[in-house]
2 protein chains.
Amino acid sequence: MKLSGYEAWLRYDKVKDDQLAAQYQAWTATIAAGSYKQASPIASAINELQLALPKLIGITPQVVIEPSVKQFLAIGVVGSSAYLDESLIGPMAALSHNEGYVLKTITKDEQSYLAIAGASEQAVLYGVFHLLRLMAQGESIDAISLSEQPKYNLRMINHWDNMDGSIERGYAGRSIFFNKNELLADSPRIVDYARLMASIGINGMTINNVNVHRPETFLITEKLLPQVAKFAAVFRSYGIKLFLCVNYAATIELGEVETADPLDARVKEWWKQKAKEVYAAIPDFGGFVVKADSENRPGPFTYGRDHADGANMLGEALKPFGGLVFWRCFVYNCHQDWRDRSTDRARAAYDHFKPLDGRFLDNVILQIKNGPMDFQVREPVSPLFGAMPNTNAVMEFQITQEYTGQQRHVCYLIPQWKEVLEFDTKVKGEGSTVKEIAAGNIHPYTHSGITAVTNIGDDANWTGHHLAQSNLYGYGRLLWNPDLSSEDIAAEWARLTFSESAVVQQMLVDFLMESWSIYESYTSPLGVGWMVTPHYHYGPDIDGYEYSKWGTYHFADHKGIGVNRTVASGTGYTSQYQPDIAAVYENLETCPDELLLFFHHVPYTHVLHSGKTVIQHIYDTHFQGVERVEYWISRWQQLEGEVDAERYNHILGRLQHQLENSKDWRDIINTYFYRKSGIADEQGRTIY
Amino acid sequence: MKLSGYEAWLRYDKVKDDQLAAQYQAWTATIAAGSYKQASPIASAINELQLALPKLIGITPQVVIEPSVKQFLAIGVVGSSAYLDESLIGPMAALSHNEGYVLKTITKDEQSYLAIAGASEQAVLYGVFHLLRLMAQGESIDAISLSEQPKYNLRMINHWDNMDGSIERGYAGRSIFFNKNELLADSPRIVDYARLMASIGINGMTINNVNVHRPETFLITEKLLPQVAKFAAVFRSYGIKLFLCVNYAATIELGEVETADPLDARVKEWWKQKAKEVYAAIPDFGGFVVKADSENRPGPFTYGRDHADGANMLGEALKPFGGLVFWRCFVYNCHQDWRDRSTDRARAAYDHFKPLDGRFLDNVILQIKNGPMDFQVREPVSPLFGAMPNTNAVMEFQITQEYTGQQRHVCYLIPQWKEVLEFDTKVKGEGSTVKEIAAGNIHPYTHSGITAVTNIGDDANWTGHHLAQSNLYGYGRLLWNPDLSSEDIAAEWARLTFSESAVVQQMLVDFLMESWSIYESYTSPLGVGWMVTPHYHYGPDIDGYEYSKWGTYHFADHKGIGVNRTVASGTGYTSQYQPDIAAVYENLETCPDELLLFFHHVPYTHVLHSGKTVIQHIYDTHFQGVERVEYWISRWQQLEGEVDAERYNHILGRLQHQLENSKDWRDIINTYFYRKSGIADEQGRTIY
């Protein structure tokens, strides 16, 4: 068994309990699969069983059309065989979602079988992964009866991979899709990656960066489409639709029309022809993701048009083929003058898009980052999400740890995303949570769901830090079922990925569960964000963005710190929320501590709800954060021998690096604020 | 006439005064040059006359061995012809220096001639450039009688060019020597560059970066030596010796000996053989420049040896061929912990090298940066210079404006260098100026002089900013005669490079003379240095290096700022100076304002000799600096039409950029200190 982490949660460790193994063997030695096409999700499901079962229980299953044995596994689309008849599977088969499936043990005519019946082929694949997950966790499958369907329709992954092989904000090596402007379409790694993604229910994927440079502009041309189609074929057999990020100004960049004006007839026509070409190559192509008029990318503004004009032009082109347009809302003035305190980057997405509600076609989806800034360790939920009842939307998370330790620090993000999902926007009264809005249950969206920038690269273990795999795993699991707890997801991941040892699992779960709070404690305090080395976004630089054009300031002076975003005396950002919520944030007394400096500029001596002053909170959390890293290193060290040496040492090395870097954060932040405020630590600890 | 600036100060603008032109024609229409070799300095001198005279006065001179005309120019080495007999030239011919020359009008046997008699061929070339300089400035040459010789023997230029074509700290395009790891030995630009350098008396040059990466390590191998020899041949004909920077660990890097231990017999032998090879290819090769044990470069420390061991090993190898070793003293701990205030980078060069005095071979020369830090806009003079009576030394300046505006800001550095040269170290009592130490007049050096990192690249005008040419010109002129005033050098340069217009010249001289002080006024205050964007060293980032490993701190807190380098309570750096000088710096009352924060940590309310508080000084200078840039832009705009449009607009564009950047400096520095100190500007100007 390789211990590089390459198999991730599809490790299929040998089942050590003989009784269980015998039970699994009995159910899975024979597989009734009916007839199925090659390179289909059913074929992938069978392939997965053939890969997994030898490892799990040492058997190679026999795949038959009509089983003569007494006990077997029956897989297929509901109703595709006598074993999977709706009446046998029962009411659970009334799945509302075509990605739902049933797992059920059934006895009929002296045969017992475990049915995996999907509402679609892809659903069957999900059901098989479910079964394998149960087996890998040592669950009994003797009397099983369950049905599952995903909460969200769109369960997307975005790659920020460039064709030169680099990955923007990638911390796990280079691209698995591209190198030196070539497409790695025949790489076996693509299949393994599709397996990992399908196993957690991902059903859509972009492979290239939202910042589409010149080489990637050619992905939608005849030169490269045949190669792109190869990726699409692999993904298709795992139920994943391929999407591409496109250059809004492709007409110009490719030298075919001298404008990119979305209302220009030639531009419209060009994109319609382009859509035809793309769909000729990839009949089930998903659509386009677009970053326009953002961070110096071209867009409709150049022509005095707005985002609706731009997005709809692409939407029209894709409409005949059922394609979608994801239009990113990460639009702000990135040439802001730090001297001007009236401009507020946090306001930008809402200010730009809210007035356009109702103007977008129904195959256009706004892609809205979870917070108003940019994937900081702590931000309020974007007020734009839910604010446009007549416009499709997806929430965008960031799995890659751009601002949360870059996969050198451990930061399990599922709790953060759950907080976002549970946030009640109140846009249609109580219960208008992000979770339900993204599911299309609050507004009548035709398309909705969740997307995220992923964290993988060509590192042996995919994610650089072994523990960063948990974020990718958890992301998929959460999109399937956002009611899973962070702990349960972590436990499931730890069991599948690491060890059946309860000690190892407990340590991993406990550590993961605390890791976000630890990272937050030694980095920027109380929701103010940033304070990172410009451009790299790793390591502390308190004033790194303070006098920049990026709109990312903390305004610390000798008396206090924070951004006044109140209506009363600040930028008025709070008014973008529903009145109840706005009131909470607007009021210094009710604003939650963890977001205090996001909403208010306060003296260092301001007393938090915790009873501490802001300055003492800064000192305390920064000392504690480092202490907690030290604690978790000691806990990890107790696992020596319990975890394979390769991963043990790799993780230990990263933890030690995290410790060193967390000390830099602690000492630089504490020193900065001590020097600035002149207020000493109550406990007299060392500040330089 | 091209107006790109390519000709720089060898523009040879047409002499507009007919009488003068006639005078020049009479003296130069015929040139008696004796016999001379091709590709020799004499050939270059004649070539220069043939290039210059058609432009200056519209004639093509006739070069003869024995002139039959009544009036002519006679050039050659003293005594090489009857015209250049020592008795005719007079006592001035008793030149102590083999690079000295005489210019003298002589009448003999009914012939009148202007003699340019050099102590060597190279000196003749210098004499010719002198004559051309006089003509280009419109001076009468009818009754001329002068002799010149350089103050310094080693008048070096260092390039930080990499073989990929990039230039470390280069702000004027890419390398003229290298591109894509090829040597551009046949580029015509090399000859023009050699002409420019010879015209200001440069006699030694390295072509590759002191940071010798893998490709440049091969410059001393048979693969590349033939190409290097081509550069050497061009330089030779202009009196310039070629030197190379070598990789101290070349034995290892080239895979020939597995160690670089300077006491290892195989290493010694390898370098001896290497020297033989190099001298076989380039018989007059100058020698090696070495950056060892510095900023992560390899060096003798790796083997428990010291700098003397390392330098002498190379010195021994070069000795048989008369080669020199320049050993850079830019050695410090570049992994310093900012938390540790006892370590002081400023101390490093002295602490490392002073104990080694007397241990270096006499063909080894220590290369000492002008200040103890790194070419800041303001630093004290390095206490190491002059502190080692028994060790050869050269002073290292930086012409390329790494920390002084990167050739986007105007910063005429001659006044800065003159301050350094006039600094009295008192190492052998009063009068032990840097100027005299570098000339070998204080300690009995066998080799000494001055070197500098140059500012040229392949930009059309060589230096990016047209006005940055003045630093290169002035550097050469200063090394020839450090008693020239900064104004006179600027005036000479402006006349040769720009225009005979007195208005233009006066504007340029006045602006250049104020430019260093302007740049200093809006950047880091009172000698504290740094505050620049890390790595790039352009634009303000007050804390950019504050919490770094580089040893470059200002320690600003809410009460005060500065580095305590006193013996009494600080790092003790002041003790590295002679007692008189140390006392001046040690004492807060006597320490000069402009270096106050280099030596002392003081409250913002400390009152300077100027009568202002430190904080008010910061505010005032930063407002004034920007105002002065505005003033000089208005002055420049008055020259529209007086200066050719190409250079007028180019310079105007750079000045406007300088203005914008100076406003960033002003506002960020002022805001930083206002936020930190809470002390308002007395004049109530806008601080953010």
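Each value in this text was obtained by applying a stated rule to the coordinates, not by laboratory testing. Just so it is clear, the model here is predicted, and its values are computed rather than measured. Because the Cβ atoms are built from the backbone with ideal geometry, glycine has one as well, and the counts that use them run over all protein chains shown.
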Reachable aspartates and glutamates from B:Lys37, Cα under 16 Å, same-chain residues fewer than 8 places away excluded?
B:Glu48, B:Glu121
Restricting to DSSP loop positions (anything but H, G, I, E, B) with no more than 13 other Cβ atoms inside 10 Å of their own Cβ, which GluC sites (Glu not before Pro) remain in the stretch B:69-170?
B:Glu110, B:Glu139
Amide H proximity to A:Leu183 below 5 Å, modelled H, separation 5+ or other chain, gives none
Volume per residue, Å³, of the convex hull around the alpha-carbon atoms of chain A?
151
In the stretch B:221-265, the GluC sites (Glu not before Pro) that fall in loop regions by DSSP, at most 12 other Cβ within 10 Å:
B:Glu222, B:Glu258
Give me the inter-chain shielding for A:480-493: mean count of other chain Cβ atoms within 10 Å, whole number please.
0
Out of residues 5 or more away from A:Ser112 or on other chains, whose amide H comes under 5 Å of its own, with H placed 1.01 Å from N in the peptide plane?
A:Gln71, A:Phe72
Give me the Debye-computed log₁₀ of I(q)/I(0) at q = 0.04, 0.06 Å⁻¹ for the protein assembly as shown, equal point scatterers on Cα only, no solvent, two decimals.
-0.32, -0.69
Would you please give the residues with an amide H less than 5 Å from that of A:Val77, counting only those at least 5 places away or on a separate chain, with H modeled from the backbone geometry?
A:Gly118
Mind checking the stretch A:184-241 for trypsin sites (Lys or Arg not before Pro) that DSSP puts in a loop (not H, G, I, E or B) and that have at most 16 other Cβ atoms within 10 Å?
A:Lys223
Computed curve, the stretch A:301-420, Cα-only Debye sum without solvent term, log₁₀ I(q)/I(0) at 0.11, 0.12, 0.22 Å⁻¹, is -0.44, -0.52, -1.23
How would you order B:625-634, A:468-477 from highest to lowest mean count of nearby Cβ atoms within 10 Å?
A:468-477, B:625-634
Could I get the Rg over Rh figure for the stretch A:613-688? Both from C-alpha atoms, Rh via Kirkwood, rounded to two places.
1.14
Just grab the label-to-label distance for B:Arg635 and B:Asn390, each label 7 Å out from Cα along the Cβ direction, in nm (one decimal).
5.1
To the nearest whole number, what is the average tally of beta carbon atoms from other chains within 10 Å of the beta carbons of peptide B:541-547?
6
Taking only Cα atoms of the stretch B:479-560, what ratio of Rg to Rh do you get with Rh as the Kirkwood inverse-distance radius?
1.17
Let me know the mean shielding of B:530-538 by other chains, meaning the per-residue number of their Cβ atoms within 10 Å of its Cβ.
1
What FRET efficiency do you get for B:Phe301 and A:Asp17 if R0 is 60 Å and r is their Cβ-Cβ distance, rounded to the nearest 0.05?
0.50
Enumerate the lysines that B:Lys559 could reach by cross-link, defined here as Cα to Cα under 18 Å, with residues fewer than 8 away along the same chain left out.
A:Lys559, A:Lys676, B:Lys612, B:Lys676
³J(HN,Hα) across the stretch B:379-389 via Karplus (A = 6.51, B = -1.76, C = 1.60, θ = phi - 60°), whole Hz, x for Gly/Pro?
8, x, 6, 4, x, 6, 6, x, 7, 10, x
Whichever lysines have a C-alpha closer than 24 Å to that of B:Lys354, once near sequence neighbours (fewer than 8 apart) are set aside
B:Lys291, B:Lys319, B:Lys369, B:Lys426, B:Lys428, B:Lys435
May I have the count of lysine pairs in the stretch B:134-263 with C-alpha atoms under 20 Å apart, counting pairs 8 or more residues apart or located on different chains?
4
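What Kirkwood hydrodynamic radius, in Å, does the stretch B:525-582 give when the mean of 1/r is taken over all pairs of distinct Cα atoms and then inverted?
Radius from the Kirkwood sum: 12.8 Å.
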Could you work out the Rg to Rh ratio of the stretch B:439-497, with Rh taken as the Kirkwood radius (inverse of the mean 1/r over all Cα pairs)?
1.07
Please work out how much length the chain gains when fully extended from A:Asp164 to A:Ala43, using 0.36 nm per residue of separation minus the C-alpha to C-alpha distance, in nm with one decimal.
40.2 nm
Whole-Hz ³J(HN,Hα) from phi, Karplus 6.51 cos²θ - 1.76 cosθ + 1.60, for the stretch A:208-218, glycine and proline x
10, 4, 5, 7, 8, 8, 4, x, 6, 4, 7
Env charge @ B:Gly386, Cβ radius under 15 Å, K,R +1 / D,E -1, value -2
Phi-based couplings in Hz for the stretch B:173-188 (Karplus 6.51, -1.76, 1.60; Gly and Pro marked x)
x, 9, 5, 8, 9, 10, 7, 6, 6, 9, 9, 8, 5, 9, 5, x
Using the beta-carbon distance between A:Lys354 and B:Gln506 and R0 = 45 Å, what value does 1/(1 + (r/R0)^6) give for FRET efficiency, to the nearest 0.05?
0.15
If r is the Cβ-Cβ distance from A:Glu269 to A:Glu646 and R0 is 56 Å, what FRET efficiency results, to the nearest 0.05?
0.50
Would you tally the net charge around A:Ser120, using a Cβ to Cβ cut-off of less than 15 Å, leaving A:Ser120 out, and scoring K and R as +1, D and E as -1?
-1
